[in-house]
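Notes to accompany the following structure.
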Amino acid sequence: MSSALAVALLGTTVGCTAMASNYDNQPVYRDGNFDRISQQLRQDLSRSGYYVMDIKSDSHRGNQAITVYAKKNNQPYELKYTYPALKPISASKKDWSSVWQDNNHHNGNDKYKNNGKYNNNNHHSKNDDIEDNIKKEARYSAIKQRAINKVKSMGYRVEDIELKEKNNRGFFEIKAKRGSQDYEIELSYPDLSVIKNEKD
């Protein structure tokens with residue numbers, strides 16, 4: 001999928017109602033390609049100016065699909081694509097309350113709704129607890145060093161590294177430089193997959 005295709009889709013469908021999906025029978029793809037394809041989609045959307053909050057396996061009219069919750073200029077969107085071809089199905093603007101509700105329906109709990117980044121009442125209690133628990137792990141220091149080494153091996157100079165939480169999962173937020181250009185890099189914890197790599 002090209003970034004231009006995603007932008008073109010948004011230009012024509014933003015504001016429409018997202019097509020119904022069968023949340024109660026949400027499929028989970030374990031064909032070995034889902035992580036790779038979702039990472040590709042995440043990178044394409046990032047290049048188009050979107051910050052991807054979550055990517056979920058879904059269904060559309062009985063076929064495999066992917067639903068993406070993303071934001072651009074602090075406006076949340078729900079984007080749906082076919083799987084594995086990543087052909088756009090629908091795109092719609094959402095308000096924050098409906099994003100929490102939809103994702104809570106997916107997860108069957110309050111994890112996403114209570115993401116402290118958007119619900120300040122829970123930020124210090126839930127997010128900080130997750131970060132503290134990760135930092136108490138015996139493997140934490142070694143994984144943190146591996147993260148630094150990985151970024152260095154990618155050709156960057158590490159300026160700062162900090163453990164953060166998003167969607168009840170830990171990740172490293174790394175401030176780095178290549179030449180005189182600043183970059184912000186995010187690596188998942190503990191597998192250190194690249195979530196984000198953008199000029200800062």
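Against the condition modelled with pLDDT of 85 or more, β-branched (Val, Ile, Thr) and either open to solvent by 20 Å² or more (accessible area, probe 1.4 Å) or farther than 28 Å from GLY170 by Cα (or both), how does THR17 come out, does it pass?
The answer is no for THR17.
Inside region 175-198, can you point out the residues that are out of contact with any Asp or Glu (no Cβ under 7 Å at 6 or more places or on another chain) and farther than 18 Å from ARG139 by Cβ?
ARG178, GLY179, SER180, GLN181, ILE185, VAL194, ASN197
I need the helices (runs of 4 or more DSSP H) fully contained in region 62-156, keeping only those with at least 2 residues that are crowded, with 16+ Cβ neighbours inside 10 Å and modelled with pLDDT under 80.
By residue number, 96-107.
Out of the residues in region 157-168 meeting the condition of being touching a residue at least 24 places away in the same chain (Cβ under 8 Å) and either within 16 Å of TYR140 (Cα to Cα) or over 13 Å from the mean Cα position of the chain (by Cα) (or both), tell me which one is most open to solvent (accessible area, probe 1.4 Å).
Filtering first and then ranking leaves LYS164.
Only residues that are of a type outside the set (Phe, Trp, Tyr) and touching a residue at least 40 places away in the same chain (Cβ under 8 Å): list them for region 169-193, please.
GLY170, LEU187, PRO190, LEU192, SER193
The values are calculated or read from the model by the stated rules, or taken from the named source; none is laboratory data. All values reported here derive from a predicted model rather than from experimental measurement. Heads up, the Cβs are rebuilt from the backbone with ideal geometry, glycines too, and the neighbour counts pull from every protein chain shown. We work out accessible area using only protein heavy atoms, side chains counted, and drop any ligands, DNA or RNA first. Shrake-Rupley method; radii C 1.70, N 1.55, O 1.52, S 1.80 Å.
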